[in-house]
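Chemist: Let me begin by handing over the structure; questions about it come next.
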Amino acid sequence: MANLRSLVKDTAIYGLSSIVARFINYLLVPIQTAKFSAAGGEYGIITNVYAYVALLIILLTYGMETTFFRFMSKEGEDPQRVYSTSLRMVGTTSLIFAALVLIFNVPIATAMGYGSHPEYVWVVFVTVAIDAFIAIPMAYLRFMHKPVKFASIQIFNIILTITLNLLYLVILPYFHCNLFGIYDDNFTLNVAWVFYINIICTLVKMLLLHKELRGIKHGFDKSACRRMLSYAWPLLIMGVAGQLNQTASQMLFPYFFDGTREEANHQLGIYGACIKIAMIMVMITQAFRYAYEPFVFGKSRDKDNRETYAKTMKYYLMFTLLAFLVVMGYIDILRHLIGQSYWEGLRVVPIVMAAEIMFGVFFNLSFWYKLTDRTIWGAYFSGIGAVVLISMIIILIPRYSYMACAWAGFTAYAISMIISYVIGQRYYPVNYPLGSMAFYTVIAAILYAAIAYSNSHFSPILAIAVNTIIIGLYLLLIIKREFPLDKLPVVGKYFRK
C-alpha cells in the first residue's frame, strides 16, 4: 500500500499540473473556434498540421524517454553519463531534422497540400525538433521526483500560450493593429500565427530548463548509446504505430475524403474541435503515465509488485469510467468550449473517450514487455492496431466522413489491448481483477445509456440534474465497494456500528 500511496501522490501532482494546464489550454479551443469558423476550414488546417506534430515527436524522441528511465535505474549504468548521452543523442537528431526541414521546406509543404503557405511547415516542424530535445530534461525532472518544477514549467508554458493567443487573435484584431505584418490590409486573421506562438513558447520552455541542460557536460558514452538504441528501437516502432492510432485519421483525412480540400478542412475542423472535449481522458492517462513510468522502473528491483500493478489497473479503470460519465453527463455545458458551428460533431465524443480508456488499459499492460526487455512485442501490438486503423480509414472515410475516424480508433485500441493482455499473461502473468473490472464497465455502460436518454429527451437543465444523480450513484458505488466510509480516518468513526 505504501507503493500505491506514493504513486497516488505523484499522480496527484502530475495530474493537477496536467489538468490545470489542459484546462487553461482548453481556452484555446473557444478562442480559435470562435475566430476561425468551421466553414472557413482554418481549424481543419490546425488539426491536420498538429497531427503530423504528434507523429514527429515520437520519431524524434525514438523511445528515449522510456529508455532513459530504464537505464537510469539499471545496475551497472552511470546515471549522469546516461543522462548526458541521452541529451546528446536526441539533440543531434533534432538538429539534423530541423536543418533538413529548412532546406526542403517548399517541397514538404507542397506534398502536405500547403504549397502556398510553406511557413506552416517550417515553423511547426522546427518547434517539434526543439520539443523533442527538451523531452529528455523534462523526463529527468520526473526521474528525480521533482513534480513541482515539472508542473510549474508546464503550467507557465500554457499560460504564456493562452496570453499570446488572446493578444494576437482577439486584442490586436479588435484594435486593428497590424503588428509584425501578421494581418493583411483588411485585418484578416492568419492561421499561421497560431504556429508562430507555439515556437515562441517552446523556446521559452527550453530556457526554463537551462539548469537541467547543463547535464550534457558529462560526456557521451558510445557503449551506453548502443545498448540504449538496442532497447529503444522496438519502442520507436511501437510509438509510431501507437501514435498513428491517434493521429493517422487527421493526417489522412484530406487525402481520402470524397470532396474538395476546402470541404475536407471543414469536416476535419469539426472533428478536431469536438475531440478536444474528449481530451479529459488524455489528461488522466498522461498524468498517470508521468507518475507510473518512473514508479514501475524504480520498483523493478523489488521482489514482486504484480499485486500493485493489478490494483492500479482496477483503480485506473474505475476512475476513467467516472470521468467518462462526468463528461457525457455535462456535455450540454462542455459543448460551449467550442464554437456552435462545430456542435454537429459532438456524437464522436463518447466513442473517442471510450477509445482513450482502452489506450490507458493498453498502457498499463505494456509494462510486462518493458520490464522483461521484450519491447519488440509492443511494436507488434501497436503495429497491428495501426494496420486496422489505417485500413478502416481508407475504406470508410469516403462514406462516413469523420465518424470513420472515431470508430477506427476505437477498434484499433480494442484489438491492441486484447492481444497485449493475452500474450502478456503468458510471459508475465498478473492476476488482474477481471471480474471487478467487468462489473464497473457494465455498470458504467448502463448508466451511460441512462445519461444518453436524459440528454436526448429532457431539457438541458433537467438533464443536467438527472445526470448529476446518475453520476452520484456510480460514485457512491465506488465508495461502498472500494473505500468503505467506516474505514476512513477521522470521519470513519461516525459510520461504524
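The values are calculated or read from the model by the stated rules, or taken from the named source; none is laboratory data. Predicted model, so just to flag it, every value in this text is computed and none were measured. So basically every Cβ, Gly included, is an ideal-geometry build from the backbone, and we count neighbours across all protein chains shown.
Chemist: State yes or no: is Glu307 surrounded by fewer than 22 Cβ atoms within 10 Å (Cβ to Cβ), closer than 30 Å to Tyr231 by Cα, acidic (Asp, Glu) and at pLDDT below 90?
Modeler: When the stated conditions are applied, Glu307 passes them.
Chemist: While we're looking at this one, here's another question. What are the pairs, 6+ residues apart or on separate chains, where a residue within the range 468-497 that is within 30 Å of Ile451 (Cα to Cα) has its Cβ under 8 Å from a residue that is modelled with pLDDT of 85 or more and acidic (Asp, Glu)?
Modeler: Hits for this filter: zero, empty list.
Chemist: Could I ask something else about it? For Ser116, indicate whether it is in contact (Cβ under 8 Å) with a residue 12 or more places away in the chain and either surrounded by 23 or more Cβ atoms within 10 Å (Cβ to Cβ) or not in a helix (DSSP H, G or I) (or both). It would help to see each step written out before you state the result.
Modeler: On the way: in contact (Cβ under 8 Å) with a residue 12 or more places away in the chain: no; either surrounded by 23 or more Cβ atoms within 10 Å (Cβ to Cβ) or not in a helix (DSSP H, G or I) (or both): yes.
Judged against the criteria, Ser116 is not a match.
Chemist: Same structure, new question: So, in the range 353-376, exactly how many residues are part of a helix (DSSP H, G or I) and either under 18 Å from Phe69 (Cβ atoms) or out of contact with any helix residue (DSSP H, G or I) (no Cβ under 9 Å at 6 or more places or on another chain) (or both)?
Modeler: The number of residues fulfilling the criteria is 8.
Chemist: Further question on the same structure: Would you pick out the residues in the range 109-149 that are among the β-branched types (Val, Ile, Thr) and either more than 17 Å from Leu59 (Cα to Cα) or touching a Ser or Thr at 6+ places or on another chain (Cβ under 8 Å) (or both)?
Modeler: The answer is Thr110, Val123, Thr127, Ile130, Ile134, Ile136, Val148.
Chemist: Quick one: which residue in Ala139, Ala98, Ala151 is part of a helix (DSSP H, G or I), within 17 Å of Leu55 (Cα to Cα), touching a residue at least 24 places away in the same chain (Cβ under 8 Å) and small (Gly, Ala, Ser)?
Modeler: Of Ala139, Ala98, Ala151, the one residue that is part of a helix (DSSP H, G or I), within 17 Å of Leu55 (Cα to Cα), touching a residue at least 24 places away in the same chain (Cβ under 8 Å) and small (Gly, Ala, Ser) is Ala98.
Chemist: Then there is this: Considering (1) more than 29 Å from Phe71 (Cβ to Cβ); (2) over 22 Å from the mean Cα position of the chain (by Cα); (3) at pLDDT 85 or above, say which one Ile200 fails and leave the rest.
Modeler: If we test Ile200 against (1) more than 29 Å from Phe71 (Cβ to Cβ); (2) over 22 Å from the mean Cα position of the chain (by Cα); (3) at pLDDT 85 or above, just (2) comes out false.
Chemist: Tell me whether the range 440-449 contains one or more residues that are over 24 Å from Leu346 (Cα atoms) and part of a helix (DSSP H, G or I). Working first, answer last.
Modeler: Just the residues of the range 440-449 that are over 24 Å from Leu346 (Cα atoms), to begin with: 440.
Retained after the next criterion (residues that are part of a helix (DSSP H, G or I)): 440.
The answer is yes, given that some residue of the range 440-449 is over 24 Å from Leu346 (Cα atoms) and part of a helix (DSSP H, G or I).
Chemist: What do you reckon, is Thr372 surrounded by fewer than 18 Cβ atoms within 10 Å (Cβ to Cβ) and modelled with pLDDT of 85 or more?
Modeler: When the stated conditions are applied, Thr372 does not pass them.
Chemist: What are the residues in the range 329-338 that are surrounded by fewer than 22 Cβ atoms within 10 Å (Cβ to Cβ) and either among the basic types (Lys, Arg) or in contact (Cβ under 8 Å) with a residue 60 or more places away in the chain (or both), if any?
Modeler: Selection gives Tyr330, Ile331, Asp332, Ile333, Arg335, His336, Leu337.
Chemist: Shifting gears a bit: Any idea which of (1) within 16 Å of Val49 (Cβ to Cβ); (2) in a helix (DSSP H, G or I); (3) among the small types (Gly, Ala, Ser) is the one Ala132 doesn't satisfy?
Modeler: That leaves (1) as the condition not met.
Chemist: With Leu213, Leu235, Leu172, Leu207 as the choices, which residue is in contact with a Pro (Cβ under 7 Å, 6 or more places away or on another chain) and either at pLDDT 75 or above or under 30 Å from Met358 (Cβ atoms) (or both)?
Modeler: Leu213
Chemist: Go through the range 311-350 and give me each residue that's among the β-branched types (Val, Ile, Thr), within 20 Å of the chain's Cα centre (by Cα) and part of a helix (DSSP H, G or I).
Modeler: Scanning the range 311-350 gives Thr312, Thr320, Val326, Val327, Val348, Val349.
Chemist: Right, another one. Among the listed residues Ile45, Ile58, identify the single one that is β-branched (Val, Ile, Thr), in contact (Cβ under 8 Å) with a residue 60 or more places away in the chain and closer than 20 Å to Thr375 by Cα. Give the derivation first.
Modeler: Working: Ile45 fails: closer than 20 Å to Thr375 by Cα.
Only one candidate passes the filter, namely Ile58.
Chemist: Restricting attention to the range 462-472, does a residue exist that is in a loop (DSSP other than H, G, I, E, B), in contact with a helix residue (DSSP H, G or I) (Cβ under 6 Å, 6 or more places away or on another chain) and either surrounded by 12 or more Cβ atoms within 10 Å (Cβ to Cβ) or modelled with pLDDT of 95 or more (or both)?
Modeler: No, because not a single residue in the range 462-472 is in a loop (DSSP other than H, G, I, E, B), in contact with a helix residue (DSSP H, G or I) (Cβ under 6 Å, 6 or more places away or on another chain) and either surrounded by 12 or more Cβ atoms within 10 Å (Cβ to Cβ) or modelled with pLDDT of 95 or more (or both).
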